[in-house]
Amino acid sequence: MDYESLKKHAKKLGIRVTKDVQGKRVKLTRKELESKLKKATKKTKRGGMEKQAKSALKFIRICKTVLREAQPNQEIVSVPTRRVAMGRPPPPPPPPPPRPMVNNQRAKLLAELRANPKFRNLRTN
């Protein structure tokens, strides 16, 4: 096919026939157009197969419903479901251990001094 017919075919499929080169729009070469068209036709063929598969599944579903309706009504036998024995729930996890006391001797000494009445008298003077 010549370039113009390839271009028309690509436009019908909705494929862009130009590319961006250094910020400018440039026409695609013949090879590039052909490769894009091949990719596009592969995708449409695959899509067609998917459509056929979906329609076949719909047809099978309809056939099953028709056969179900055509058969004489049978009592539906319910299958007994097994009940899982419900045991006690596991005990809750133990609470986290209390934080250990900080062994800070300087803080302890300051607390004792502040509690001392003589220290208070020194501060007021």
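With 32 Å as the limit on Cα-Cα distance, the pairs of 27/54; 19/42; 8/58; 11/54; 12/64; 31/51 that go past it are 27/54; 8/58; 12/64.
Note: relative contact order over the stretch 3-70, using C-alpha pairs below 8 Å and six or more positions apart, is 22 percent. The simple Förster model, with R0 at 30 Å and r as the Cβ-Cβ distance, assigns residue 1 and residue 21 a FRET efficiency of 0.80. In this rough spin-label picture, where each label sits 7 Å from Cα along the Cβ direction, the residue 105-residue 53 distance is 7.9 nm.
Dipole of the stretch 3-70 computed with +1 at Lys/Arg Cβ and -1 at Asp/Glu Cβ about the Cα centre; of 53, 28, 10, farthest Cα towards the positive end is 28. In this simple spin-label model, placing a label point 7 Å from the Cα along the Cα-to-Cβ direction at both residue 13 and residue 118 gives a separation of 10.1 nm. Temperature 37 °C, viscosity 0.692 mPa s: under these conditions the Stokes-Einstein estimate for the stretch 3-70, based on its Kirkwood radius over C-alpha pairs, is 219 µm² per second.
We did not get these values from a lab; they are worked out from the coordinates using the rules stated. It should be emphasised that the depicted structure is a prediction, and the values quoted were computed from it without experimental measurement. A quick note on method: Cβ atoms are made from the backbone with ideal geometry, for glycine too, and the neighbour counts reach across all protein chains shown.
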